[in-house]
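The values are calculated or read from the model by the stated rules, or taken from the named source; none is laboratory data. Computed from a prediction, not measured in an experiment: that's the story for all the values here. Cβ placement follows ideal geometry from the backbone for every residue including glycine, while neighbour counts extend to all protein chains displayed. For the accessible areas, the whole protein counts, side chains as well, though only heavy atoms, and no ligand, DNA or RNA atoms are used. Shrake-Rupley method; radii C 1.70, N 1.55, O 1.52, S 1.80 Å.
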Amino acid sequence: MKKKQFLITEDGSHTLYLPDLDETYHSIHGAIQESNYVFIERGLNYFAEKENVEKLRIFEVGFGTGLNTLLSAIYAEKHQLFLQYESIEPFPLEKDEIQKLNYPIITDWLFSDDLFQNIHNSSWNEWIGISTYFQLRKVKAKIQDYEGSGMFDVCYFDAFAPSKQPEMWNSEILEKFFLLLNHKGIFVTYCAKGQLKRDLKSIGFEVETLPGPPGKMQMVRAIKP
Ligand SMILES: C[S@@+](CC[C@H](N)C(=O)[O-])C[C@H]1O[C@@H](n2cnc3c(N)ncnc32)[C@H](O)[C@@H]1O
């Protein structure tokens, strides 16, 4: 397996490039920008404002660099919203790769570095209190083998692109999200392929196509009625 490469994306934040898959972990148009737009604004913030809740539960596929996790933790602290966040990842990064990522220094929150270190130093497969408002459970497994039954309010689907990892985008996996979500729960992803939308609809989701982040035309948000 060839070594991962660090790239600087258009907003100055890092992403990783996997030569074997010819794929990056985030958009080259801006890793932080994309994560903030797709997952935080269109997912977490949308749900929190619509349902006016004081606590909520998020499920993410896959944990990767921990960027979505960090941005969600920052959101929780800023908004004083209790978040329980479960994230699944079969291929964790090495410690030296994590330490090189520039997210803690370019996110606009005084305690980003503490959050980022706590997120990455936390044990796998158990619930850990990361900060006042943020609890995390990182699950070291493939989504295909995941049998969790927690009821979640928001699912972030952040797999590699369907062209690179098609097995992640099949109906069997999409059905897991439907089962994991509460009534009115939402699923968000950066992808807006027609097949994905058709599959989500046939599973029972109400599907919305939204404008995408810079560099992408569209994204998808699906609601469990
Ligand atoms: C697009 S990257 C995720 C980026 C991540 N959300 C972040 O904030 O850095 C896709 C991730 O899915 C993980 N992955 C690959 N196969 C998987 C599987 N079968 N189940 C769960 N995650 C998987 C990869 O290792 C990678 O970390």
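Residue by residue, the range 137-148 carries 3J(HN,Hα) couplings of 10, 8, 10, 8, 6, 8, 4, 4, 9, 6, 10, x Hz when phi is fed to the Karplus relation 6.51 cos²θ - 1.76 cosθ + 1.60 (θ = phi - 60°); x denotes Gly or Pro.
The charge dipole of the chain, taken about the Cα centre with unit charges on the Cβ atoms of Lys, Arg (+1) and Asp, Glu (-1), comes to about 380 debye, rounded to the nearest 20.
Reported to the nearest whole Å, the Cα centre-to-centre distance from the range 6-31 to the range 97-161 is 19.
Backbone geometry of the range 95-105 corresponds, through the Karplus equation with coefficients 6.51, -1.76 and 1.60 at θ = phi - 60°, to 3J(HN,Hα) couplings of 4, 5, 5, 4, 5, 7, 5, 8, 4, x, 8 Hz, x marking Gly and Pro.
Quick check: at a probe of 1.4 Å, how many percent of the accessible area of the chain sits on carbon and sulfur atoms?
Ligands and nucleic acids excluded, carbon and sulfur reach 50 percent.
Under 15 Å from the Cβ of V53, count the other residues' Cβ atoms, weight Lys and Arg +1, Asp and Glu -1, and hand me the total. Local net charge: 0. Less than 5 angstrom separates the built amide H of V139 from those of S87, I88, E89, N125, all sequence-distant by 5 or more or on a different chain. Subtracting the Cα-Cα distance of S163 and W127 from 0.36 nm times their residue separation leaves 9.6 nm of extension gain. Between amide H atoms placed 1.01 Å from N, distances below 5 Å from E10 occur with H29, G30, A31, all of them 5 or more places distant or on a separate chain. Looking at the chain, the accessible area is 47 square angstrom per residue; that uses a 1.4 Å probe and ignores ligands, DNA and RNA.
Directionally averaged projected area (the chain, Cα convex hull): 11.1 nm².
Amide H to amide H distances under 5 Å link I130 with Q135, L136, where only residues 5 or more positions off or on other chains count and H is placed in the peptide plane.
With both residues required to sit in the chain, DSSP beta bridges show an antiparallel share near 45%. Along the axis of the charge dipole computed for the range 152-225 (Cβ charges of +1 for Lys and Arg, -1 for Asp and Glu, origin at the Cα centre), the listed residues A192, F152, M217 are led at the positive end by M217. Rounded to the nearest whole Hz, the Karplus-based 3J(HN,Hα) values (6.51 cos²θ - 1.76 cosθ + 1.60, θ = phi - 60°) of the range 45-51 follow the sequence 5, 4, 5, 4, 6, 5, 9, with x at glycine and proline.
Of E172, E41, which has the most accessible area with a 1.4 Å probe, and how do the rest follow in descending order?
E172, E41
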